Amino acid sequence: MALLATPEVTATALRLIDLHKTYQGREPVHALRGVSLDLLAGSVTAVVGQSGSGKSTLLHCAAGLDTPSRGAVVVGGHDLTVLRADDLTRFRREHVGFVFQAYNLIGHLTARENIRLPLVLAGRDVDRAWEGALLEFLGVTDLVERLPGELSGGQAQRIAIARALITRPAVVFADEPTGALDSATGAAVLQVLRDSARELGQTVIVVTHDAEVAATADRVVVLADGLVVDRLESPTAEQVTARLLKKGR
Ligand code: ADP
Ligand code: MG
């Protein structure tokens, strides 16, 4: 499967078309009610919205971690929503990176072992030149022999970002990556993600409820009740806050 082989991907890396997600239960929950977004390569998009507005659901559906009830997720001309489970797993392993709020580093592995884990799982060799450049770029070269318990929150999240980028993914998904950090450290971590997106032509999607963090993105998408209710181009933190506080749609 030659995902990402077509040139059009370099312009629009990821296209979300009319995504719907309904969680079935005693009362069905309509978490996404028709979300369409085009995400450009080399750009950072922040998704903001109140708790329960559908941010995590959107991220999980876009990343192929969950299946939308309706709609398409198109990468390189391929619709992920129709892939078989094993093809989807391979796609994620080869083309997608994840950064989580809780870092999810493995405690008994050194930082370097954590960073290399996705390569080990995929049976791929370590590109030492790339690894070195990435560590340098993230400012963590001197930390790689440490265990996660010996790192500050900001350092741990940089290691987690190195782990997400070591496979050179086309798309990086981050769900509240700065949620456990203070605002200044969070903004610095986001800055690193944005620089790497520019440098590597990656598409980055960050879910956050922090206006400072969102303001470091190229574009901010505002979700409410499972719908995109606004898009802000290079907004200031004040503009994001004002939009989040605005009543109704
Ligand atoms: P956010 O990340 O913006 O807080 P979520 O995407 O987590 O929002 O949730 C959107 C809506 O879907 C909420 O009403 C939430 O309760 C519901 N929801 C999320 N996950 C599930 C699930 N696995 N089963 C049922 N309802 C869910
Ligand atoms: Mg969430």
Notebook entry, point to check: Of the conditions (1) closer than 30 Å to Thr141 by Cβ; (2) part of a loop (DSSP other than H, G, I, E, B); (3) within 16 Å of ligand 2 (Cβ to nearest atom); (4) not aromatic (Phe, Trp, Tyr), Arg168 fails just one. Which one is it?
Noted result: (3)
Note to self: Suppose we filter the stretch 92-107 for residues that are outside any strand (DSSP E or B) and within 12 Å of Glu176 (Cβ to Cβ); how many remain?
What the structure shows: 3
Next item on the list: Residue by residue through the stretch 144-157, note down the ones that are buried (at least 17 other Cβ atoms within 10 Å of the Cβ) and modelled with pLDDT of 90 or more.
Entry: Val144, Pro148, Leu151, Gln155, Ala156
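Yes/no per residue for (1) among the small types (Gly, Ala, Ser); (2) under 22 Å from Ala214 (Cβ atoms):
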position: Glu94; (1), (2): no, no
position: Gly97; (1), (2): yes, yes
position: Arg116; (1), (2): no, no
position: Glu136; (1), (2): no, no
position: Glu145; (1), (2): no, no
position: Pro148; (1), (2): no, no
position: Ser152; (1), (2): yes, no
position: Ile161; (1), (2): no, yes
Notebook entry, point to check: Could you say which residue among Gly139, Gly179 is surrounded by fewer than 23 Cβ atoms within 10 Å (Cβ to Cβ), more than 21 Å from Leu58 (Cβ to Cβ) and small (Gly, Ala, Ser)?
Noted result: Gly139
Notebook entry, point to check: Of the residues Thr81, Thr89, Thr67, Thr57, which single one is in contact with an Asp or Glu (Cβ under 8 Å, 6 or more places away or on another chain) and modelled with pLDDT of 85 or more?
Noted result: Thr57
Note to self: Checking Gly186 against (1) crowded, with 22+ Cβ neighbours inside 10 Å; (2) touching a residue at least 40 places away in the same chain (Cβ under 8 Å): exactly one of these is not met. Which one?
What the structure shows: (2)
Notebook entry, point to check: Do we have Val229 as within 25 Å of Asp18 (Cα to Cα), of a type outside the set (Asp, Glu) and either free of Cβ contacts under 8 Å to residues at least 40 places away in the same chain or surrounded by fewer than 19 Cβ atoms within 10 Å (Cβ to Cβ) (or both) here?
Noted result: yes
Note to self: I need a count of the residues in the stretch 108-137 that are of a type in the set (A, V, I, L, M), part of a helix (DSSP H, G or I) and within 17 Å of Ala156 (Cβ to Cβ).
What the structure shows: 5
Next item on the list: Kindly list the number of the only condition in (1) part of a loop (DSSP other than H, G, I, E, B); (2) in contact (Cβ under 8 Å) with a residue 24 or more places away in the chain; (3) touching a strand residue (DSSP E or B) at 6+ places or on another chain (Cβ under 6 Å) that fails for Pro235.
Entry: (2)
Check: Is it the case that Gly64 is touching a Phe, Trp or Tyr at 6+ places or on another chain (Cβ under 8 Å), surrounded by 15 or more Cβ atoms within 10 Å (Cβ to Cβ) and assigned to a loop (DSSP other than H, G, I, E, B)?
Finding: yes
Note to self: I'd like the residue in the stretch 188-212 that is within 20 Å of Gly49 (Cα to Cα) and more than 16 Å from ligand 1 (Cβ to nearest atom) and, out of all such residues, is modelled with the lowest pLDDT.
What the structure shows: Leu190
Item checked: Single residue of the stretch 29-60 satisfying the filter (assigned to a loop (DSSP other than H, G, I, E, B) and away from ligand 2 (no atom under 16 Å from the Cβ)) that is nearest to Val74 (Cα to Cα) -> Ala41
Next item on the list: Could you figure out which of (1) within 16 Å of ligand 2 (Cβ to nearest atom); (2) assigned to a loop (DSSP other than H, G, I, E, B) isn't true of Arg26?
Entry: (1)
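The values are calculated or read from the model by the stated rules, or taken from the named source; none is laboratory data. Source: prediction; values computed, not measured. Glycine also receives a Cβ, built like all others from the backbone with ideal geometry; neighbour counts cover every protein chain displayed.
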